[in-house]
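Remarks on the structure that follows.
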Amino acid sequence: MGRLALTVVLLVGYAMLPGVVLGRASGLRGARLLAFAPPLSLAVIAFGSVVTTVVPLGWGLVTIVLATGFLTLVASGCRSVAQRAGAARSAAAFGHELPRHALILTASSLVLCSALWSWVLARVLPAPDSFSQTYDNVFHLSTIRFIYESGSASPLLPIGLGDGTPGRSFYPTLWHAFTALGMPMAGDVAIATNAALLVVCGIVWPASLLAFLFSMTRLRAATILATAAVAAGVSSFPLLTLTWGVLYPNTLGFALVPAAMGGILAASGMGVAGGSLRLPLALASAFIIPAVFLGHPNALILTILAIAPALVTAAWRYWRAPSPSRSHGTRFIVAAAQVLVSVALVACWLLVRPGFNAWPPIASKLPALGEGLLLTMPARSPNLAVAALVIVGLVWVLRARAHRWLAVSWAIVLALWVVVASFAEGQLRTLLTETFFSDPPRLAAALAVVAAPLALLGINSLLDRLDHNVGDSPSPWVATSPGAGRTAVLLPTVLLVVATQAMPGMTNAIERAQGAYEFAPAACVAGDVTCLTTADERALLRRLPHLIERGSVTLTLPTNGSSLAYALEGMPVAWTYISEQPRPAVLTLEQRLALVPAGDPDICAAAASLGIRYVLDFGKQNVSGDIEVHPGLEGLSRARSVERVDSVGDAVLYRLRGCPTS
């Protein structure tokens, strides 16, 4: 627990300090600066990761400091040019819309959300070094290990993550780059990952929500604090993406979506943060949007999809409200910008396609609609408190004409959820949802990302209704005075924490998540997608650094968890992750090794080509609980080509026999 806590502290520093520096250079102050700091920090980390593609700086503090400095100069230069052009007022005007104690409330909300997520993860994780026992996690943990050891966080990843497979391919590595920053303190990939979970869920996600809301409307003091309860109380995000997949990139990418929307909203003139704040928030969104993409490309598509109604509304209002100062040329520019946004959305929708949409529908149409309204994923239990607040928020935005676009955004994502959850597999379903892998859990999470701000707006509107004097207050940000109304500020948050954390929607989701992080039983049920490693297999993996010489490569199978030797212990393996295409030498060994005598020339040649000296046998059961047949790895205990080195239960490490390299 000590290493986990220290790693959390380190990652909090990386998630806050670069963003504070960049935010101040952009012109943000006070509560807005604090809310935008985590998304801006991730923008700095994203920029630094891209830089390592071409500049071998290594991956750590030095790179982040240099990236922060460079982007700070960019932000300062942009402000200076804009001010000279008369597009912004002096720096002294920035940030005065929010009262000073809004900063205290924002900080309190982030601390409370971190505490709530600490409690949630303490129930989900059996131990500080537990890890998700799911299909995608072999790749994610291996990528973190590769970034830490190679010093390159580039999104152009080597296909084999350093195992010698030629070529590179694009992959959104922001999650892995951020987590790898915690490795020097954690010393363990699983601990670093769990620390990153807490920071992203407990700080980045609620800060992003507040960044959006600060840009959209005036918030009651209780609403700022209640953001913590909503951010920790919607089971379909981020808890769902930590259970299914596991979808770490989507978790981080989706968490940044509200902040990106908030900056765009202010820049378009659709929010309350106008005047001198437009430029700082426009700069913030310009920095955050690439980070959203490197979180996950479909997170950027969600951002465009959700903000497009606001941009259409802004353009329409601009066009319909003629002014002598608006020339035909200016109107043409606005129209052209709207066309470009539309083209970008359509292009992203058609081009950003993973080529994988194998997930089937899970419900019929009306039940799917009901599940979307009640936010029932992943445990198929309703989140009644949050769902009710979403409805209240919808009523408010429909009545407040300035924000009806948000209801349209929510309806669009809800419709996509219904399509992916209930439509039969076919061209229409693929066209509309393949961007999200035609995967119901991903779109359930996306729906929660759009619903959470509505829930908070619902709280805000209810508090306005309860305050009989709100109509006379010019700025209902906080109670009448910093010391007044403490009960009124705290009570809604306390009630919402109880209503979310104690209800079946959240408790059932936590119980489901626990199963994804517990070691697999010795014999899994077919179809159980959390069967990556058993406790015995993990125990043998821990021994490998003492059993295998550094530089020796081990033959493993990623589908049965043995390839985690690289991710968890840093031991080179011949086949790193599940979706990697194995090389011919690996195929030769896994087809013939157990069937030949010691010193077989073909086997020895294949092993020598990759430096293989050991074989890790974790049995035939794969991560999905199914049985895989690899003839060359069957019956190794009786094979003449290998000898036993060590074992824990049914997990066995063998050494090749009879080959010159063995």
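The values are calculated or read from the model by the stated rules, or taken from the named source; none is laboratory data. As the structure is a prediction and not an experimental result, all values here were calculated from the model. Positions of Cβ are backbone-derived with ideal geometry, glycine not excepted, and every protein chain shown enters the neighbour counts. Each accessible area value is taken on the protein alone, full model and side chains, heavy atoms only, with ligands, DNA and RNA left out. Shrake-Rupley method; radii C 1.70, N 1.55, O 1.52, S 1.80 Å.
Residue-by-condition table, conditions (1) part of a helix (DSSP H, G or I); (2) open to solvent by 30 Å² or more (accessible area, probe 1.4 Å); (3) among the basic types (Lys, Arg); (4) over 23 Å from Thr303 (Cβ atoms):
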{"site": "Thr376", "(1), (2), (3), (4)": "no, no, no, yes"}
{"site": "Arg380", "(1), (2), (3), (4)": "no, yes, yes, yes"}
{"site": "Ile391", "(1), (2), (3), (4)": "yes, yes, no, yes"}
{"site": "Val395", "(1), (2), (3), (4)": "yes, yes, no, yes"}
{"site": "Leu398", "(1), (2), (3), (4)": "yes, yes, no, no"}
{"site": "Ala402", "(1), (2), (3), (4)": "yes, yes, no, no"}
{"site": "Trp405", "(1), (2), (3), (4)": "yes, no, no, no"}
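What are the pairs with Cβ atoms under 6 angstrom where one residue, in the stretch 22-51, is within 27 Å of Pro99 (Cβ to Cβ) and of a type in the set (Gly, Ala, Ser) and the other, located anywhere, is part of a loop (DSSP other than H, G, I, E, B) and open to solvent by less than 10 Å² (accessible area, probe 1.4 Å)? Sequence gap at least six, or different chains.
So the pair list comes out as Gly27/Phe94.
In the stretch 587-610, what count of residues is obtained for those that are farther than 23 Å from Thr534 by Cβ and touching a helix residue (DSSP H, G or I) at 6+ places or on another chain (Cβ under 7 Å)?
Counting residues in the stretch 587-610 that are farther than 23 Å from Thr534 by Cβ and touching a helix residue (DSSP H, G or I) at 6+ places or on another chain (Cβ under 7 Å) gives 12.
For (1) under 20 Å from the mean Cα position of the chain (by Cα); (2) within 23 Å of Leu61 (Cβ to Cβ); (3) surrounded by fewer than 24 Cβ atoms within 10 Å (Cβ to Cβ); (4) without any contact (Cβ under 8 Å) to a residue 60 or more places away in the chain, each residue gets a yes or a no:
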| position | (1), (2), (3), (4) |
| --- | --- |
| Gly182 | yes, yes, no, no |
| Met185 | no, yes, yes, no |
| Leu209 | yes, no, no, no |
| Ser215 | no, no, no, no |
| Arg218 | no, no, yes, no |
| Thr227 | yes, no, no, no |
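Looking at (1) in a helix (DSSP H, G or I); (2) at pLDDT below 95; (3) touching a Lys or Arg at 6+ places or on another chain (Cβ under 9 Å), which one does Asn250 not meet, given that it meets all the others?
Tallying (1) in a helix (DSSP H, G or I); (2) at pLDDT below 95; (3) touching a Lys or Arg at 6+ places or on another chain (Cβ under 9 Å), Asn250 fails exactly one: (2).
For the stretch 125-176, which positions are touching a residue at least 12 places away in the same chain (Cβ under 8 Å), open to solvent by 10 Å² or more (accessible area, probe 1.4 Å) and among the small types (Gly, Ala, Ser)?
Once the filter is applied, which keeps residues that are touching a residue at least 12 places away in the same chain (Cβ under 8 Å), open to solvent by 10 Å² or more (accessible area, probe 1.4 Å) and among the small types (Gly, Ala, Ser), the stretch 125-176 yields Ser130, Ser150, Gly151, Ser152, Gly162, Gly164, Ser169.
Out of all the residues in the stretch 151-162, which are under 22 Å from Gly551 (Cα atoms) and either among the small types (Gly, Ala, Ser) or in contact with a helix residue (DSSP H, G or I) (Cβ under 8 Å, 6 or more places away or on another chain) (or both)?
Residues satisfying the conditions are Gly151, Ser152, Leu157, Pro158, Gly160, Leu161, Gly162.
Checking Val81 against (1) farther than 30 Å from Pro572 by Cβ; (2) of a type in the set (A, V, I, L, M, F, W, C); (3) open to solvent by 60 Å² or more (accessible area, probe 1.4 Å); (4) modelled with pLDDT of 95 or more, which test does it fail?
All conditions pass for Val81, except number (4).
Condition first: open to solvent by less than 50 Å² (accessible area, probe 1.4 Å) and either at pLDDT 90 or above or outside any loop (DSSP other than H, G, I, E, B) (or both). Now tell me which residues in the stretch 343-374 satisfy that.
Those that are open to solvent by less than 50 Å² (accessible area, probe 1.4 Å) and either at pLDDT 90 or above or outside any loop (DSSP other than H, G, I, E, B) (or both): Ala344, Leu345, Ala347, Cys348, Trp349, Ala368, Gly370, Glu371, Gly372.
Would you check if there is a residue in the stretch 48-65 being within 25 Å of Ser215 (Cβ to Cβ) and in a helix (DSSP H, G or I)?
The answer is no; no qualifying residue exists.
Can you pull out the residues in the stretch 623-646 that are under 37 Å from the mean Cα position of the chain (by Cα) and open to solvent by less than 40 Å² (accessible area, probe 1.4 Å)?
Answer for the stretch 623-646, where residues must be under 37 Å from the mean Cα position of the chain (by Cα) and open to solvent by less than 40 Å² (accessible area, probe 1.4 Å): Val623, Ser624, Gly625, His630, Leu633.
For Thr576, are the conditions met, namely being in contact (Cβ under 8 Å) with a residue 60 or more places away in the chain, in contact with a helix residue (DSSP H, G or I) (Cβ under 9 Å, 6 or more places away or on another chain) and surrounded by fewer than 24 Cβ atoms within 10 Å (Cβ to Cβ)?
It is false that Thr576 is in contact (Cβ under 8 Å) with a residue 60 or more places away in the chain, in contact with a helix residue (DSSP H, G or I) (Cβ under 9 Å, 6 or more places away or on another chain) and surrounded by fewer than 24 Cβ atoms within 10 Å (Cβ to Cβ).
Hey, among the residues in the stretch 525-555 that are among the β-branched types (Val, Ile, Thr), over 25 Å from the mean Cα position of the chain (by Cα) and within 27 Å of Gln514 (Cα to Cα), which one's most open to solvent (accessible area, probe 1.4 Å)?
Ranking the qualifying residues of the stretch 525-555, first place goes to Val525.
Conditions tested, residue by residue: (1) open to solvent by 10 Å² or more (accessible area, probe 1.4 Å); (2) aromatic (Phe, Trp, Tyr); (3) modelled with pLDDT of 95 or more.
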site	(1), (2), (3)
Ala222	no, no, no
Thr243	yes, no, no
Val246	no, no, no
Ile264	yes, no, no
Ile288	no, no, yes
Pro309	yes, no, no
Ala314	yes, no, no
Ser327	yes, no, no
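Could you check Ser438 against (1) among the small types (Gly, Ala, Ser); (2) over 19 Å from Val346 (Cα atoms); (3) surrounded by 17 or more Cβ atoms within 10 Å (Cβ to Cβ) and say which number it fails?
(2)
Which of (1) under 19 Å from Thr72 (Cα atoms); (2) open to solvent by 10 Å² or more (accessible area, probe 1.4 Å) is the odd one out, the single condition Leu305 does not satisfy?
Only one criterion in (1) under 19 Å from Thr72 (Cα atoms); (2) open to solvent by 10 Å² or more (accessible area, probe 1.4 Å) is unmet by Leu305, namely (1).
Being open to solvent by less than 10 Å² (accessible area, probe 1.4 Å) and under 19 Å from the mean Cα position of the chain (by Cα), is that true of even one residue in the stretch 269-282?
No: the stretch 269-282 contains no residue that is open to solvent by less than 10 Å² (accessible area, probe 1.4 Å) and under 19 Å from the mean Cα position of the chain (by Cα).
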